[in-house]
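The values are calculated or read from the model by the stated rules, or taken from the named source; none is laboratory data. Predicted, not measured: the structure shown is a model, and the values here were computed from it. Using ideal geometry, Cβ is built from the backbone for each residue, glycine included, and neighbour counts are taken over all protein chains shown.
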Amino acid sequence: MQPNTVVTKIVNGTIVAFDGHEHCLLENGVLVYTDDTITYVGKHYQGESDRTIDATGKLIIPGQISTHAHVGIQEGSRAILDNGKPEFSRAFFLNYLPTKLNSGSTYLGSIDSTASVRYGMASLIRHGVTTVINFAPGGVQAGLMMADLATEFGLRLYAAPIVTSGSYHFDNQGRLKQSWNEAAGLKALEGVVEFVEQLTPKQKQYVTPIVTVDEAFFITPELLQRARELASRLKLRLTLHAAEQLFEFHDAIRQQGKTPIGALADAGVLDTDVILAHCIYVSGHSATGYPFGQDLEILAQSGATIAHSPTVQARRGIALESFQRYLDVGVNVALATDSYPLDMIGEMRSAAQVGKVTDQRYNVARSQDIFNASNLAGARALGRSDLGRLSVGAKADIVLIDFDNLAIGPVYDPIRSLVHLASSEMVDTVIIDGRTLLENKQLLICSEQEILQSAKKFSQEYWSTAADRHWAGETVETQFPRSLKIWEETVNETQASA
Ligand SMILES: [Zn+2]
C-alpha cells in the first residue's frame, strides 16, 4: 500500500455492479475504492480499509453523466422559458434568446455568472450528477472561471468556450433577425485552443476540454469544418445543438436539399466523438411532415451520441419519436439535464414516461435502458471506459441513494423503483474521484443555504430588469404572466378605522 493512500469500504447496500458487460444487482456486496479508483466489487473482501461507509437501506449506483447542460443560466430559464409563444411554435426558446439589437444580455445570460454557475454545480452534485458536459459561456476568461469552479467543487466537467458564427436579435418591431459573423466564430475557435493551453494540472484533474459549437443551424460550413478539424487534431470530443428546432429541419431541406442530420453527415462531421444535443427533428418525426428516411441509420452508423433531455422538451410539448426507435436502430442515446432542473433522476422518469406515451406501448423505454442512458451511454459518448460503472479500475464516482422511505416502499426491482419512484432528494452521498462531496444529504463543499440565497437575490435582480432586455420594454410580469393573479387587498373604511 502506498503511503497516504486511503482505502474506503462501502458495505451493506445494494450495489449496481458492472460485470464487464452489463450492470448487475449485488445485494449486501462490498465496494472498495483506493483514493480515486475502485479496487474491489464483490461479496468477500478480505483486505484492509481505513474507513467504512455503512450503506444499509441504500442503493449504490455509478455517478450519473449529464451529456448536455446549461449550468449557468438558471435565473433566465427557471421562471420563464416554458411559457412559450405561439409564433415560434415548437421552437419556443428562440423568443427568449434574442435581445434588442446591441443592448443587454439575453434571457439565457446571467446577471452574476459566477453565482449562477455555483448554483448550477451545487444542484448537479446535490442530485447525483458526477460528470457534466456544459454549454457556454463564451470567451476564454468565462471558460476558465467555469474550470476554476468545477475544480473548487470537485465536479467532473467537460467544457470549453462556445463557438458560433451568428447571433439573433429583435428589431424595434419585434421581428427576429439573424446576423452572421464568421470571423468572430474563427476567433472563438482560437479561444478554445487558448483555453486548452491555459488549464492548470490541478484543473485538468476535473476539467476536460470539448469543442462546443452552439447551433448546427447557425454555423458557416467553413467554421464547422475548422471545429471538426480542431476536435480531431486535439483529440477532443465535439458537441453541438442539432435538430432541436422544427424550422431548422425545414430550412435544411429547403436550402440544402438534406435533413439537418444528412447535412452534418455529408459534411463529414459525425463520428463516435460527437455528441448532438436533442436531435428531435429527424426524418420521420411526425411534426416534420417528412417521410421516414435514413437519419437514424446514419446516426447509428456514425457512432455519434444523442444527448436526450426529455423533461425540458416535454415542457414545450415536444418529444423524441421515440426513445425506443433510436435505441432499436442502434443510436447511442445518453440522458442529459439541459436547463432546469439539473436532475437526472427526474430525467430518467421523464424519459420512461414520455417514451412509453410516444409509442403508446408500456414495454418500451424500459427501466434498464433508461438507467444505462444515465451512465454507460454517457461514458461511451466521452470515450471513457472508467466512468458510468462500478467495477475494478473505474473512477470512484459513486452515488448512494436512500432507498428506505415511504416513497420507495418495498423494493422488488431496484432499477424500476429508481426510475419510477425515486426523487433527487433521496440522493444521500455523492463521491467524485474518491472525494465525498455530499454526505447525509448535506453538501460538504459549500453552503447550500448561501448558494440558494445568492440565487434568489440575483434572480430577483434579473427579473426586475427584464424590461431592459425586451425589444418593446415589457416587464417580466407582462411577458410571462404568473400562473395565478396576485392577491389584491381592498380595505374598506370600517376595517381601516378599526
Ligand atoms: Zn442546450
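Which residues, taken from region 213-222, are surrounded by fewer than 21 Cβ atoms within 10 Å (Cβ to Cβ), part of a helix (DSSP H, G or I) and within 15 Å of the ligand (Cβ to nearest atom)?
Across region 213-222, the qualifying residue is only 218.
Out of the residues in region 231-256 meeting the condition of being touching a helix residue (DSSP H, G or I) at 6+ places or on another chain (Cβ under 9 Å) and part of a loop (DSSP other than H, G, I, E, B), tell me which one is nearest to the ligand (Cβ to nearest atom).
244
With the condition kept exactly as written, say whether any residue in region 399-407 is surrounded by fewer than 19 Cβ atoms within 10 Å (Cβ to Cβ), within 18 Å of the chain's Cα centre (by Cα) and at pLDDT 95 or above.
no
When you check residue 361 against the structure, is it over 18 Å from residue 128 (Cα atoms), outside any helix (DSSP H, G or I) and of a type in the set (Lys, Arg), yes or no? Full working, then the answer.
Values: over 18 Å from residue 128 (Cα atoms): yes; outside any helix (DSSP H, G or I): yes; of a type in the set (Lys, Arg): yes.
Against the criterion (over 18 Å from residue 128 (Cα atoms), outside any helix (DSSP H, G or I) and of a type in the set (Lys, Arg)), residue 361 qualifies.
Give the residue, chosen from 339, 350, that is modelled with pLDDT under 95 and on the phi < 0 side of the Ramachandran plot. Full working, then the answer.
On the way: 350 fails: modelled with pLDDT under 95.
Just one listed residue meets the conditions, 339.
For a quick check of your reading of the model, give me the residue pairs whose first member lies in region 10-31 and is loosely packed, with under 13 Cβ neighbours inside 10 Å, whose second is modelled with pLDDT of 95 or more and part of a loop (DSSP other than H, G, I, E, B), with beta-carbon atoms closer than 7 Å and at least 6 apart or on different chains.
20/391; 28/12
Residue by residue through region 420-444, note down the ones that are within 18 Å of residue 132 (Cβ to Cβ), among the β-branched types (Val, Ile, Thr) and touching a Ser or Thr at 6+ places or on another chain (Cβ under 9 Å).
Matches in region 420-444: 430, 431, 432.
Look through region 314-332, keep the residues that are over 14 Å from residue 357 (Cα atoms) and in contact (Cβ under 8 Å) with a residue 12 or more places away in the chain, and return whichever of them is surrounded by the most Cβ atoms within 10 Å (Cβ to Cβ). It would help to see each step written out before you state the result.
Taking region 314-332 as the starting set, the residues that turn out to be over 14 Å from residue 357 (Cα atoms) are 315-316, 326-332.
This time we only want the ones that are in contact (Cβ under 8 Å) with a residue 12 or more places away in the chain, so: 315-316, 326-327, 329-332.
Values: 315: 17, 316: 16, 326: 22, 327: 22, 329: 15, 330: 12, 331: 27, 332: 23.
Restricting to residues being over 14 Å from residue 357 (Cα atoms) and in contact (Cβ under 8 Å) with a residue 12 or more places away in the chain, the top hit is 331.
Please specify each residue of region 283-297 satisfying the condition of being in contact (Cβ under 8 Å) with a residue 40 or more places away in the chain and of a type in the set (A, V, I, L, M, F, W, C).
Correct list: 287 only.
Could you tell me which residue of region 56-72 is farthest from residue 153 (Cα to Cα), considering only residues that are part of a loop (DSSP other than H, G, I, E, B) and within 16 Å of the ligand (Cβ to nearest atom)?
If we filter region 56-72 for residues that are part of a loop (DSSP other than H, G, I, E, B), which is where we start, we get 56-57, 63, 70-72.
Restricting the remaining residues to those that are within 16 Å of the ligand (Cβ to nearest atom) gives 70-72.
Working: 70: 17, 71: 13, 72: 15 Å.
That would be 70.
State the number of residues belonging to region 190-215 that are under 17 Å from residue 136 (Cβ atoms) and in contact with a helix residue (DSSP H, G or I) (Cβ under 6 Å, 6 or more places away or on another chain).
Residues meeting the conditions: 7.
Can you work out which of the residues in region 283-293 that are crowded, with 17+ Cβ neighbours inside 10 Å and modelled with pLDDT under 95 is nearest to the ligand (Cβ to nearest atom)? Write out each step before concluding.
Pass one, region 283-293, residues crowded, with 17+ Cβ neighbours inside 10 Å: 283, 285, 288, 290.
So of that shortlist, the ones also modelled with pLDDT under 95 come out as 288, 290.
Details: 288: 20, 290: 23 Å.
Result: 288.
What tally of residues in region 355-395 results from selecting those that are surrounded by fewer than 24 Cβ atoms within 10 Å (Cβ to Cβ), out of contact with any helix residue (DSSP H, G or I) (no Cβ under 9 Å at 6 or more places or on another chain), farther than 24 Å from residue 238 by Cα and hydrophobic (A, V, I, L, M, F, W, C)?
2
Restrict the check to region 223-230 and report whether at least one residue is in contact with a Leu (Cβ under 8 Å, 6 or more places away or on another chain), of a type in the set (Lys, Arg) and in a helix (DSSP H, G or I). Give the derivation first.
Step one: filter region 223-230 for residues in contact with a Leu (Cβ under 8 Å, 6 or more places away or on another chain), giving 223, 226-228, 230.
Then keep just the ones that are of a type in the set (Lys, Arg); that gives 226, 228.
Filter once more, keeping what is in a helix (DSSP H, G or I): 226, 228.
Yes, because at least one residue in region 223-230 is in contact with a Leu (Cβ under 8 Å, 6 or more places away or on another chain), of a type in the set (Lys, Arg) and in a helix (DSSP H, G or I).
On the basis of being more than 16 Å from the ligand (Cβ to nearest atom) and in a helix (DSSP H, G or I), does residue 296 make the cut?
Details: more than 16 Å from the ligand (Cβ to nearest atom): yes; in a helix (DSSP H, G or I): yes.
Yes.
Please specify each residue of region 318-365 satisfying the condition of being more than 16 Å from the ligand (Cβ to nearest atom) and aromatic (Phe, Trp, Tyr).
Hits for region 318-365 are 323, 326, 362.
So which of 229, 248, 222 is touching an Asp or Glu at 6+ places or on another chain (Cβ under 7 Å), acidic (Asp, Glu) and closer than 28 Å to residue 181 by Cβ?
Working: 229 fails: touching an Asp or Glu at 6+ places or on another chain (Cβ under 7 Å); 248 fails: touching an Asp or Glu at 6+ places or on another chain (Cβ under 7 Å).
It is 222.
Just one of (1) in contact with a strand residue (DSSP E or B) (Cβ under 6 Å, 6 or more places away or on another chain); (2) at pLDDT below 95; (3) among the hydrophobic types (A, V, I, L, M, F, W, C) trips up residue 455, so point out which.
(1)
Filter region 257-282 down to residues that are more than 16 Å from the ligand (Cβ to nearest atom) and in contact (Cβ under 8 Å) with a residue 60 or more places away in the chain, then give me how many there are. Steps first, answer last, please.
Step one: of region 257-282, the residues more than 16 Å from the ligand (Cβ to nearest atom) are 257-259, 261-273, 282.
Filter once more, keeping what is in contact (Cβ under 8 Å) with a residue 60 or more places away in the chain: 272-273.
The total comes to 2.
Among the residues of region 124-145, write down those that are closer than 25 Å to residue 346 by Cα and either more than 16 Å from the ligand (Cβ to nearest atom) or in contact with a strand residue (DSSP E or B) (Cβ under 7 Å, 6 or more places away or on another chain) (or both).
Across region 124-145, the qualifying residues are 124, 125, 126, 127, 128, 129, 130, 131, 132, 133, 134, 135.
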